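Here's the structure we're looking at; comments come further down.
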């Protein structure tokens, strides 16, 4: 009975992968860009169940005539998050964001400022030695198109992520960890994003390091495939993410300790 169940699961996975492969290769000419993505995350704990987060990010890109990763700044963004930790396995989040998509004719991008709102859920499979998670996100995007009009786009994203500590069984200060994830995107049709239902596939592979419980750095390689009617696009990106937990609260404690060391010593 178990072997039959496993066989059916393998067939289902194979069929899904085949459909994705068929969709992503059903278009014509391919254009490749090299990019650099960086993001700074500032997380603040409110209590055991709630937390807030602010992300500041920028994207740089090469062009057809230059392989330089930093040839153009093509996007800057800021996001404000609210997180609710429902249980050890479930985390629910929502964010509001502004994306400044700049006018970069060299890569076929026109100025398209965007307001974005999202609801997200993450389910964690906690195992000894590694963590597997699946992320579900629905985004509402209000974007300017090439006709100087605003359009609404609904996008759904599904991600599977694997994280494994390298020099320890658990994530803690001084630990290096490996990351691997794959995410597929589906969207509604619009002038600004195209009419295709399948939006893109994003594969990430990399590593991170926990300097402390409140400071970590991740460096990954990302391969992003965008099928488009006017020609497919492949992006090879180096991604740097720096996260601070309770930064302002920790700075405040440090300042208080410097001003009143005797109080803290007595404690």
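The values are calculated or read from the model by the stated rules, or taken from the named source; none is laboratory data. Please read these numbers as outputs of a predicted model, since none were measured by experiment. A quick note on method: Cβ atoms are made from the backbone with ideal geometry, for glycine too, and the neighbour counts reach across all protein chains shown.
Quick one: in the stretch 146-158, which of the residues that are touching a residue at least 40 places away in the same chain (Cβ under 8 Å) and part of a strand (DSSP E or B) is surrounded by the most Cβ atoms within 10 Å (Cβ to Cβ)?
Selected residue: 153.
So, in the stretch 136-145, of the ones that are part of a strand (DSSP E or B) and closer than 15 Å to residue 190 by Cα, which residue ends up farthest from the chain's Cα centre (by Cα)?
At the first step, the residues of the stretch 136-145 found to be part of a strand (DSSP E or B) are 136-144.
Now restrict to residues that are closer than 15 Å to residue 190 by Cα: 139-144.
Details: 139: 13, 140: 16, 141: 16, 142: 19, 143: 19, 144: 22 Å.
For the stretch 136-145, the residue satisfying everything is 144.
Within the stretch 77-135, track down each residue that is part of a loop (DSSP other than H, G, I, E, B) and more than 26 Å from residue 49 (Cα to Cα). Let's see the steps before the verdict.
Going through the stretch 77-135, the residues part of a loop (DSSP other than H, G, I, E, B) turn out to be 86-89, 102-103, 108, 110-113, 128-129.
The answer is 102, 103, 108, 110, 111, 112, 113.
List every residue pair whose Cβ atoms lie under 6 Å apart, where the two residues are 6 or more positions apart in sequence or sit on different chains, the first residue falls within the stretch 122-142 and is more than 18 Å from residue 180 (Cβ to Cβ), and the second residue, located anywhere, is loosely packed, with under 13 Cβ neighbours inside 10 Å and at pLDDT below 95.
Between residues of the stretch 122-142 that are more than 18 Å from residue 180 (Cβ to Cβ) and residues that are loosely packed, with under 13 Cβ neighbours inside 10 Å and at pLDDT below 95, the close pairs are 142/152.
Of the conditions (1) within 22 Å of residue 98 (Cβ to Cβ); (2) free of Cβ contacts under 8 Å to residues at least 60 places away in the same chain; (3) surrounded by 15 or more Cβ atoms within 10 Å (Cβ to Cβ), residue 214 fails just one. Which one is it?
All conditions are met except number (1).
Yes/no matrix, rows are residues, columns are (1) farther than 16 Å from residue 208 by Cβ; (2) under 16 Å from the mean Cα position of the chain (by Cα):
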residue	(1), (2)
125	yes, no
128	yes, no
133	no, yes
147	yes, no
150	yes, no
156	yes, yes
161	no, yes
175	no, no
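Of everything in the stretch 49-62, what is assigned to a loop (DSSP other than H, G, I, E, B) and closer than 18 Å to residue 76 by Cβ? Give them in sequence order.
The initial filter retains those residues of the stretch 49-62 that are assigned to a loop (DSSP other than H, G, I, E, B), namely 49, 62.
Hit for the stretch 49-62 is 62, nothing else.
Given the conditions (1) at pLDDT below 95; (2) outside any loop (DSSP other than H, G, I, E, B); (3) surrounded by 14 or more Cβ atoms within 10 Å (Cβ to Cβ), and given that residue 162 satisfies all but one, which numbered condition is not satisfied?
(1)
Scan the stretch 171-193 and give yes if some residue there is at pLDDT below 95, outside any loop (DSSP other than H, G, I, E, B), in contact with a helix residue (DSSP H, G or I) (Cβ under 8 Å, 6 or more places away or on another chain) and within 30 Å of residue 142 (Cα to Cα), otherwise no.
Taking every residue of the stretch 171-193 in turn, none turns out to be at pLDDT below 95, outside any loop (DSSP other than H, G, I, E, B), in contact with a helix residue (DSSP H, G or I) (Cβ under 8 Å, 6 or more places away or on another chain) and within 30 Å of residue 142 (Cα to Cα).
Of these, 121, 96, which one is modelled with pLDDT of 90 or more, out of contact with any helix residue (DSSP H, G or I) (no Cβ under 8 Å at 6 or more places or on another chain) and farther than 24 Å from residue 198 by Cβ?
Going through 121, 96 in turn, the sole match is 96.
Restricting to the stretch 212-238, give me the number of residues that are assigned to a loop (DSSP other than H, G, I, E, B) and within 15 Å of the chain's Cα centre (by Cα). Can you show your working first?
First pass over the stretch 212-238, keeping only residues assigned to a loop (DSSP other than H, G, I, E, B): 213-214, 227-231.
Among the residues that remain, those that are also within 15 Å of the chain's Cα centre (by Cα) are: none.
Number satisfying all stated conditions: 0.
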